[in-house]
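Participant: One structure follows; several queries about it will come next.
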Amino acid sequence: MSEEYIFQTIYLLNEDDKKVVKLFLQNSSLVSNQKRTPLNPSLQVNVIRGYQAEQKRVHEIIEKFSLKSDSFSHFQRIIYHSGNKPEKYSSKINLQESLTVGEALQQILLQFAEVIKRNEAGIRNDIDIEFLHDFRVAVRRTRSLLGQSKSILPPRELSLFRTKFADLQKATNELRDLDVYLLKEKSYKKILPNFLKKPLDLLFEEIHGLRIQEQNQVKQMLNSNDYKLFIKDWLKFLKSKQILLKPQAKTPVLPYAKKVISKRLQNVLLKMNDIDAGNPEDPLIHAMRIECKKLRYLLEFFSSLFPVQEIKKVVEQLKIVQDLLGTYNDLSVQSLDLEQRLTRLNFVQKDSKKTAAAYGGLLTYFNQERHMLKKQFKSAFQVFKNSHQLEIYQRLFDRKF
């Protein structure tokens, strides 16, 4: 059985050019034994976190025109019409306190491996950029947990798989950076006056072309025998007993979780103090972002072992910090790209001065935004490490901060 489809993703923006609702438009047919079965056209409405009111308004408009939104995802519809039963897909991790460290790591890593496998087809077929995003998050989480497992996993296998997952993430970095760049295309074009928009049209045409090339490279990587063998070996290792053999792997999971979280949290708090002390340079901010990401992953891995409301509050406060740091990083990556393009400009060519002016305008905007974000860092940090929050951390992780 195969599928033929026309698939379109549309983002609805508010007055500030922020994405508030994502729409999926689909026209599909299933082909089996030379028989084509058309599927009803579907419209799926997905809310973006924090914009539930906008989603409600979209549903009201749909109902006004006697249309129906589809609550099924694209793959759920195909599975349903093919006569198969959908399987559950969840990134939430539920651990029991009775587990050993080895058993907990095995459960978590197997769940991430499943997420990686589930997103491969979506990346190969370039259906939506969210497949690559989820794939990469699962890879980063795997790498983060392996980094915490030096005393638990066999050293040879640990070194091998850490290298393999690092290479896998590196192979998808460029494609993700291009996706993030392209998501800002419309909003960046609105920043500049009309007479400078043509150079940006050419810029984003080039980025679209680069993305096609990078997408093909990632697809080839996923189709390669090396990748398939790596994933096969990884799953074989996770399902074996090797992950459970070391004495450290047989200890209770809760004390281990408290230890690794508190250590990472202390690193985050120290880096926050360094940034608060002055005007931080990009390397320090980048290091801070990585530490926050590692802490966030640990909290997600082991959150089911702690009181729900308190651990949720910690994650929410950390997410505010992460969002600021993530935006700063995206702007830094795009600034570096534009700076490099400026140095390569041939000013003899037609419209080169307009191109330089357009790039310069965007760079000025990027620098202003980064300057504003640095100010926001400090207020977000103060909330994250105020006395009330420190008491919560001490209560949760049995350590004074």
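The values are calculated or read from the model by the stated rules, or taken from the named source; none is laboratory data. Everything quoted here is computed from the prediction, not taken from an experiment. For neighbour counting, all protein chains shown are included, and Cβ atoms are generated from backbone atoms with ideal geometry for every residue, glycine included.
Participant: Being over 21 Å from the mean Cα position of the chain (by Cα) and either loosely packed, with under 12 Cβ neighbours inside 10 Å or in a helix (DSSP H, G or I) (or both) is true for just one of 197, 164, 170, 219. Which residue is that?
Facilitator: 197
Participant: Would you confirm, using the coordinates I've provided, whether residue 319 is outside any helix (DSSP H, G or I) and either exposed (fewer than 13 other Cβ atoms within 10 Å of the Cβ) or outside the structural domain of residue 108 (by TED's automatic domain parsing) (or both)?
Facilitator: no
Participant: Can you work out which of the residues in region 331-352 that are charged (D, E, K, R) and in contact with a Leu (Cβ under 9 Å, 6 or more places away or on another chain) is modelled with the lowest pLDDT?
Facilitator: In this case the residue turns out to be 351.
Participant: Considering only region 289-309, I want to know if a residue exists there that is in a helix (DSSP H, G or I), in contact with a Pro (Cβ under 9 Å, 6 or more places away or on another chain) and modelled with pLDDT of 90 or more.
Facilitator: no
Participant: Please pick out the residue among 229, 192, 203 that is in contact with a Gly (Cβ under 7 Å, 6 or more places away or on another chain) and not assigned by TED's automatic domain parsing to the domain that holds residue 342.
Facilitator: Just a single option satisfies the conditions, and that option is 192.
Participant: Determine if region 326-337 includes at least one residue that is within 29 Å of residue 94 (Cα to Cα) and assigned to a helix (DSSP H, G or I).
Facilitator: Yes, because at least one residue in region 326-337 is within 29 Å of residue 94 (Cα to Cα) and assigned to a helix (DSSP H, G or I).
Participant: Does residue 157 satisfy the criteria of being within 21 Å of residue 242 (Cβ to Cβ) and acidic (Asp, Glu)?
Facilitator: yes
Participant: A follow-up question, please. Which of the following residues is of a type in the set (Ser, Thr, Tyr), in a helix (DSSP H, G or I), more than 27 Å from the chain's Cα centre (by Cα) and exposed (fewer than 15 other Cβ atoms within 10 Å of the Cβ): 355, 343?
Facilitator: Testing whether each residue is of a type in the set (Ser, Thr, Tyr), in a helix (DSSP H, G or I), more than 27 Å from the chain's Cα centre (by Cα) and exposed (fewer than 15 other Cβ atoms within 10 Å of the Cβ) leaves just 343.
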